[in-house]
1. Return the pair list, or none, for Cβ contacts closer than 8 Å from residues in the range 33-54 that are among the aromatic types (Phe, Trp, Tyr) to residues that are surrounded by 15 or more Cβ atoms within 10 Å (Cβ to Cβ) and assigned to a helix (DSSP H, G or I), at least 6 apart or on different chains.
2. If we scan the range 56-64, do we find a residue that is small (Gly, Ala, Ser) and touching a helix residue (DSSP H, G or I) at 6+ places or on another chain (Cβ under 9 Å)?
3. Residue under question is Glu85, and the condition is that it be touching a Leu at 6+ places or on another chain (Cβ under 7 Å) and surrounded by fewer than 14 Cβ atoms within 10 Å (Cβ to Cβ); does it hold?
4. Out of the residues in the range 2-20 that are open to solvent by 20 Å² or more (accessible area, probe 1.4 Å) and aliphatic (A, V, I, L, M), which is nearest to Thr46 (Cα to Cα)?
5. I want to confirm something. Restricting to the range 43-72 and keeping residues that are under 17 Å from Arg3 (Cβ atoms) and among the hydrophobic types (A, V, I, L, M, F, W, C), which single residue is most open to solvent (accessible area, probe 1.4 Å)?
Amino acid sequence: MLRIQISEQAEAISFSLEGSLAGPWVAEMEKCWNEVTDTRPATTITVKLAGVTFVDDRGTELLCRMRRHGARLLPAGCLMKSIVERIEADVCKPQGEAI
C-alpha cells in the first residue's frame, strides 16, 4: 500500500509518500504526478520519501523520470538515501553512459 499526500502552494507542490512504491502503486503515483505536471507544468515539485519502506524497479524508474523532469527527491533513512544517490548519479551522468 502507498499513501500519497499532495500539498499545493502557489509556486510549489509536494508529494509525501508513505509505504511501498511498488506494483500497482507505481502507476497510481505516476497518475498523480502526471495530473500535477499537466495542469501546472512550471511548478516546483518536491517528493518527500521519508515514509517509503520499499521501492521496486518500476518505482525506481518512476523516481528517476520525475527527477529528470526537475522534481526534487527528499530521502530519509538508509534505503531511500541509497536509492536517491543512485538516481542522482544516473541523472547527472553524461547521456548514453550506463551505471
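The values are calculated or read from the model by the stated rules, or taken from the named source; none is laboratory data. Not measured: the values here are computed from a predicted model. Neighbour counts run over all protein chains shown; Cβ positions are idealised from the backbone, glycine included. Quick note on the areas: whole protein, heavy atoms, side chains included, nothing else; ligands and nucleic acids left out. Shrake-Rupley method; radii C 1.70, N 1.55, O 1.52, S 1.80 Å.
1. Hits for this filter: Trp33/Leu62; Trp33/Met66.
2. Within the range 56-64, the subset small (Gly, Ala, Ser) is 59.
In the following step, the residues that additionally are touching a helix residue (DSSP H, G or I) at 6+ places or on another chain (Cβ under 9 Å) were identified as 59.
Yes - at least one qualifying residue is present in the range 56-64.
3. Numbers: touching a Leu at 6+ places or on another chain (Cβ under 7 Å): no; surrounded by fewer than 14 Cβ atoms within 10 Å (Cβ to Cβ): yes.
Spelling it out, it is not the case that Glu85 is touching a Leu at 6+ places or on another chain (Cβ under 7 Å) and surrounded by fewer than 14 Cβ atoms within 10 Å (Cβ to Cβ).
4. Ala12
5. Restricting to residues being under 17 Å from Arg3 (Cβ atoms) and among the hydrophobic types (A, V, I, L, M, F, W, C), the top hit is Phe54.
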